[in-house]
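K.L.:
Once you've had a glance at the structure underneath, I'll fire off some questions.
The values are calculated or read from the model by the stated rules, or taken from the named source; none is laboratory data. Just so we're clear, the structure is a prediction, and the values are computed from it rather than from any experiment. Cβ placement follows ideal geometry from the backbone for every residue including glycine, while neighbour counts extend to all protein chains displayed. For the accessible areas, the whole protein counts, side chains as well, though only heavy atoms, and no ligand, DNA or RNA atoms are used. Shrake-Rupley method; radii C 1.70, N 1.55, O 1.52, S 1.80 Å.
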Amino acid sequence: LTPSDYSVAEVQVNRRFVQSNEIQFLPGQQTEIVAVLSRLVSTLSGTVEGSGGEPAAGAMVFLRATDPGVERRVFRKNTARTDAAGRFTFAGLPPGRYRAASSFDVQAADEVDWNDATLPIVELEEGKETSADLRLTRRP
């Protein structure tokens, strides 16, 4: 490898894809690890606004990959919190299509209604930064 910044795009342990950034090694057990690295990662940044157009400081922002194969490569990079100006950033993401949501009502990505057709879809390209402005969503 050439010296550079890399992101782990995919990990297999004993020929099975893992969706965690933790791997358990057991005494006496042989473990094969395959890691696919990428320098062409994507960044998503933007702002979240409340219903009146004001910055949503401290809001949770969630991402879910919609492309097959990308979901398993996201690991735990799918949650962020906005700063005082309502800005958020997700760095080191694999390229692909993602659905985005932001809320004060929801505290974990698995609580989001990902079938909600009003959630925007964002396309991330290799090695590029994409901007998306979001509106707060409410839990049904």
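K.L.:
Please give the FRET efficiency for Asp113 paired with Leu37, using the beta carbon to beta carbon distance and R0 = 30 Å, rounded to the nearest 0.05. Before the final figure, lay out each step's value.
P.N.:
Values: r = 34 Å, r/R0 = 1.13.
Given R0 = 30 Å and the Cβ-Cβ separation, E is 0.30.
K.L.:
For the pair Ile23 and Ile121, what calculated FRET efficiency results from E = 1/(1 + (r/R0)^6), where r is the Cβ-Cβ distance and R0 = 30 Å, to the nearest 0.05? The partial results should precede the final answer.
P.N.:
On the way: r = 32 Å, r/R0 = 1.05.
Taking R0 as 30 Å, the efficiency between Ile121 and Ile23 is 0.40.
K.L.:
Using heavy-atom solvent-accessible surface (probe 1.4 Å) with all chains present, what is the largest-first order of Ser131, Ser38?
P.N.:
Working: Ser131 85, Ser38 30 Å².
Of Ser131, Ser38, the descending order of accessible area is Ser131, Ser38.
K.L.:
I need the peptides 98-106, 118-126 ranked by packing, meaning the mean over residues of other C-beta atoms within 10 angstrom, with the highest value on top. Write down the numbers at each step before the final one.
P.N.:
Details: 98-106: 20.4, 118-126: 14.7.
Descending packing order for the listed peptides: 98-106, 118-126.
K.L.:
Label points 7 Å out from Cα along the Cβ direction at Ala91 and Ser4: separation in nm?
P.N.:
If labels sit at Ala91 and Ser4, their model points lie 1.7 nm apart.
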